[in-house]
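Some notes on the structure that comes next.
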Amino acid sequence: MLISISSGTLFTFPLRRIFEIAAEVGFDGVELIINQDFQKVNTRKVIESVAAILPVLSIHAPFMPLDGWGGPVDSLRRCIEIAGDCGVALVNFHPASWMGFEVGFWRWMYRINDYRQEIGREDVTVTLENMPWMGRFKINPYILSNTGAMIDFLEVRNLDLTFDCTHMGSGKANFINDFYQFYNTGRIKNIHFSDYGHGKEHLLPGHGVLPLTRFLNHLRNTDYNHTLTLEMSPHEFPNDEGIIIESLREILAYLRRETGKSTP
C-alpha cells in the first residue's frame, strides 16, 4: 500500500513546493488536483517537472469550471489522456450534481456501459468518488449517494471507486460497514483519508468524530494494496511551514503505524 497526499492539503503553497514538502516528509507520492493553476499551462510539462521530485500517483479531475478544459466530460477525458501520457496510473472524478443541474453530465454517466473499455485505458484506472452530505438537513447534492445504488452502478458499468472517509462520515459517523460493502466489490483503488465533525470536512485526524484509528486497523487486516491519500483542508494548519512539516510527519507516522505499513 502506498501512502499519498493530496495537493489540496497544501494548496496555499506553490505547486513545486507542495511536492518538495511531500518528499521531505516521506510520502510515497502525490494526488494532483487539476485546479486554476492548470488553465494556461502545458499540463504535461508541469506534471513531468513535479514528478521528478515525487511521483504523481493519481490525478483528480477538475470539480469546477476551468478555462480551456471544457465541461466535466471533456475535462475527465483530457485528464485520462494526460495521465496515460505521463505515466499516472489513476484518475478520480466526482459524480454529477443534481442540485447543480448537471443534467448533461448525469445523462452521459448513464450512457457509458463499460467505463474501463470506453473511458479508461489499459494503463489508467478511472475511479468515481463517493460524495458528502451537507447542511443542517444533511442533503447529498450528488447522484449515487446511496451505498447500494453506487455499488450497483460500479458493478454494472465496470467502474472503480475512490472511497472518501470524510464524505461517507458526513452522513454516517460509523462508516466502516459501508467501507466493507464497497471493499467486497474489489473496486476500491484509492482512499481519501481525513476526519469529519461539527459540519466540517477534511479535518486533521482527531479533530472530528470519525473512528479513524479503528478504520486504519480494519484496513490493515484486509488485502488492500492500493493508495491511501491524505486529503485535508489547508485551513487545518497554521501559517508556519516548519510546523506544517512536523505535523505531516506525525500524521504519516500514524498512518504507517496503524496500517502496519512501515517506511519503504
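Once you have the Kirkwood Rh of region 84-237 from its Cα pairs, apply Stokes-Einstein at 37 °C and 0.692 mPa s and quote D in µm²/s.
Answer from the Stokes-Einstein relation: 203 µm²/s.
Taking the Cα centre of the chain as the origin and placing charges on Cβ (Lys, Arg +1; Asp, Glu -1), which of Asn221, Leu255, Gln39 is farthest toward the positive end of the dipole?
Value computed over the given set: Asn221.
Would you mind getting me the FRET efficiency between Phe11 and Lys45? Use the beta-carbon distance for r and R0 = 30 Å, nearest 0.05.
So the FRET efficiency works out to roughly 0.90.
Quick check on region 103-203: of the DSSP beta bridges with both residues there, what percent are antiparallel, nearest 5%?
If I count the DSSP bridges inside region 103-203, around 35 percent turn out antiparallel.
Test of understanding: what is the full-extension gain from Arg249 to Asp123, defined as 0.36 nm times their sequence separation minus their Cα-Cα distance?
Extra length from Arg249 to Asp123 when fully extended: 42.2 nm.
Work out which helices of the chain, taken as complete DSSP H runs, extend at least 24 Å along their axis over the Cα atoms and score a mean Kyte-Doolittle of 0.0 or more, then list them.
Within the chain the helices that satisfy the rule are 241-259.
In bins 5 Å wide, starting from 0, what share of all Cα pairs of the chain does each bin hold, as a percent?
The calculated distribution, bin by bin, is 1, 6, 13, 18, 20, 18, 14, 8, 2, 0.
In the neighborhood of Ser58, defined by Cβ-to-Cβ distances under 12 Å, what is the net charge if each Lys or Arg adds +1 and each Asp or Glu adds -1?
Counting the neighbours of Ser58, the net charge comes to -4.
Only sites in a loop by DSSP and with at most 13 other Cβ atoms within 10 Å count here; which GluC sites (Glu not before Pro) in region 91-126 make the cut?
Here the GluC sites (Glu not before Pro) that fit, given the DSSP loop and packing criteria, are Glu122.
If I model a spin label as a point 7 Å beyond the Cα along the Cα-Cβ vector, how far apart are those points for Lys200 and Met99 in nm?
In this crude label model, Lys200 to Met99 measures out at 2.0 nm.
Quick check for me: using +1 on Lys/Arg Cβ and -1 on Asp/Glu Cβ, what's the dipole size of region 141-264 about its Cα centre, in debye to the nearest 20?
Dipole size: approximately 380 debye.
Binning every alpha carbon pair distance of region 104-151 at 10 Å from zero, what are the percents per bin?
The calculated distribution, bin by bin, is 21, 45, 26, 7, 1.
When a/c is below 1.5 the answer is rounded, else prolate if a/b is larger than b/c, else oblate, so apply that to region 164-264 with a ≥ b ≥ c taken from the square roots of the Cα gyration tensor eigenvalues.
It comes out oblate by the Cα gyration axes.
What distance in nm separates the simple spin-label points at Asn239 and Ala173, each placed 7 Å from Cα in the Cβ direction?
3.5 nm
Which lysines, on any chain, are close to Lys200 with Cα under 26 Å apart, when same-chain ones fewer than 8 places away are left out?
Lys200 reaches Lys138, Lys172, Lys189.
Based on the mean of other beta carbon atoms within 10 Å per residue, what is the order of 16-22, 254-260, most packed first?
Ranked from most to least packed, the peptides come out as 16-22, 254-260.
Only bridges whose two residues both fall in region 10-157 count here: according to DSSP, what percent of them are antiparallel, nearest 5?
For region 10-157, the DSSP antiparallel bridge percentage is about 30.
Say we join alpha carbon atoms closer than 10 Å with springs in a Gaussian network model of the chain; which of His218, His192, His94 then has the biggest fluctuation?
Top of the fluctuation ranking is His218.
What does the extension gain come out to for Asp223 and Thr185, with contour length at 0.36 nm per residue minus their alpha carbon separation?
12.4 nm
For region 1-50 and region 181-229, write down the distance between their C-alpha centroids in whole Å.
21 Å
Counting only protein heavy atoms, what percent of the accessible surface of the chain is carbon or sulfur at a 1.4 Å probe?
Roughly 50 percent, rounded to a whole number.
Placing +1 on the Cβ of each Lys and Arg and -1 on the Cβ of each Asp and Glu in the chain, which of Cys165, Ser145, Leu128 has its Cα farthest towards the positive end of the resulting dipole?
Working it through, the farthest residue towards the positive pole turns out to be Ser145.
Filter the chymotrypsin sites (Phe, Trp or Tyr not before Pro) in region 88-195 to those in DSSP coil with at most 12 other Cβ atoms within 10 Å of their Cβ, and list the result.
Phe101, Phe137
Return one whole number: the accessible area per residue of the chain in Å², for a 1.4 Å probe.
45 Å²
Taking the Cβ of Glu236 as the center, what net charge do the other residues with Cβ under 12 Å away carry, scoring Lys and Arg +1 and Asp and Glu -1?
Result for the neighbourhood of Glu236: -2.
The values are calculated or read from the model by the stated rules, or taken from the named source; none is laboratory data. Nothing here was measured: the structure is a model prediction, and the numbers come from that model. Positions of Cβ are backbone-derived with ideal geometry, glycine not excepted, and every protein chain shown enters the neighbour counts. Ligands, DNA and RNA are excluded from the accessible area calculation, which covers all protein heavy atoms including side chains. Shrake-Rupley method; radii C 1.70, N 1.55, O 1.52, S 1.80 Å.
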